[in-house]
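Worksheet: one structure, shown below.
Values quoted throughout were computed directly from the atomic coordinates according to the rules given, and no laboratory measurement underlies them. Computed from a predicted structure; not experimentally measured. Note: ideal-geometry Cβ built from the backbone for every residue, glycine included; neighbour counts use all protein chains shown.
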Amino acid sequence: MSLHSTQSVITGALSDLPTGMQYLYLNSTQSVITGALSDLPTGMLRLHLYSTQSVITGGASAIVAKGIQLIRLENTSLDQAKVNDILTRLYTDRTLFTYATPELNIDGTAIPSGTYQYSASPSTALEYAYALEHDDDSEGFKLWDITYKAA
């Protein structure tokens, strides 16, 4: 579904999306979508909710949209806890993703907590981001390109 840059107002939850949906483009609309990345349908490839009032979290269970290519949530209503939760979920599920070069853009939202640095045992959102982008421990997962608001 592509309604970006229109006067559309869509309100709903990620868990309400049909199982066959692959693309959701609601950026630059008055839409408010809520839910967790773990609620995305299995085949979801691209989620564009930037410049909306949407509120998304990572979720408590594993993401089933393993082929996700792009998640754009910049300039949304995410606070630091939600930004941290998204990075925690992606890090937790890092070995599940199958797309060669997945991207996350959460710029223009809250600043993730921690310091962007290597850690053998990451425990902050920015350590998760670093690990997702570098795989310094050679786990073999797909490297993410992450854009976030810096301090």
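Some points to look at:
- Result for the chain in a Gaussian network model with C-alpha springs under 10 Å: among Asp136, Asp39, Asp79, the largest mean-square fluctuation is at Asp136.
- Note on Thr92 and Ala60: the extension gain reaches 10.5 nm, defined as 0.36 nm multiplied by sequence separation minus the Cα-Cα distance.
- Principal-axis tilt of helix 80-92 within the chain, Cα atoms, nearest 10 degrees: 60 degrees
- Between the stretch 83-113 and the stretch 36-80, the Cα center-to-center distance that results, in Å: 9 Å
- Shape annotation for the stretch 11-148: C-alpha extents along the principal axes are 41, 28, 23 Å, from largest to smallest.
- Per-pair calculated FRET efficiency, R0 = 22 Å: Thr115 and Ala81 via Cβ, rounded to 0.05: 0.80
- Farthest towards the positive end of the charge dipole of the stretch 11-148, among the residues Thr76, Leu24, Asn105, is the Cα of Leu24, using unit charges on the Cβ of Lys, Arg, Asp and Glu.
- Neighbour counts of other Cβ atoms within 10 Å put Lys142, Lys82 in the fewest-to-most order Lys142, Lys82.
- The residues Met21, Met44, when put in order of fewest to most other Cβ atoms within 10 Å, stand as Met21, Met44.
- Seen from every direction in turn and averaged, the convex hull around the alpha carbons of the stretch 1-92 projects onto 5.1 nm².
- Simple point charges give the picture: +1 on the Cβ of Lys and Arg, -1 on the Cβ of Asp and Glu, and for the chain a dipole about the Cα centre of about 400 debye.
- Folded to 0 to 90 degrees: helix 125-134 orientation relative to the chain principal axis, Cα: 80 degrees
- Highest-fluctuation residue, Thr92, Thr11, Thr124 considered, GNM on the chain with Cα pairs under 10 Å: Thr11
- Residue-averaged 222 nm ellipticity for the chain, from DSSP H runs of 4+ at -39500 (n - 2.57), nearest 500: -4500 deg cm²/dmol
- Residue of Ser31, Ser121, Ser54 that the Gaussian network model of the chain assigns the largest fluctuation, springs spanning Cα pairs under 10 Å: Ser121
- Computed over the stretch 99-151: relative contact order in percent, which uses C-alpha pairs under 8 Å that are six or more apart: 50 percent
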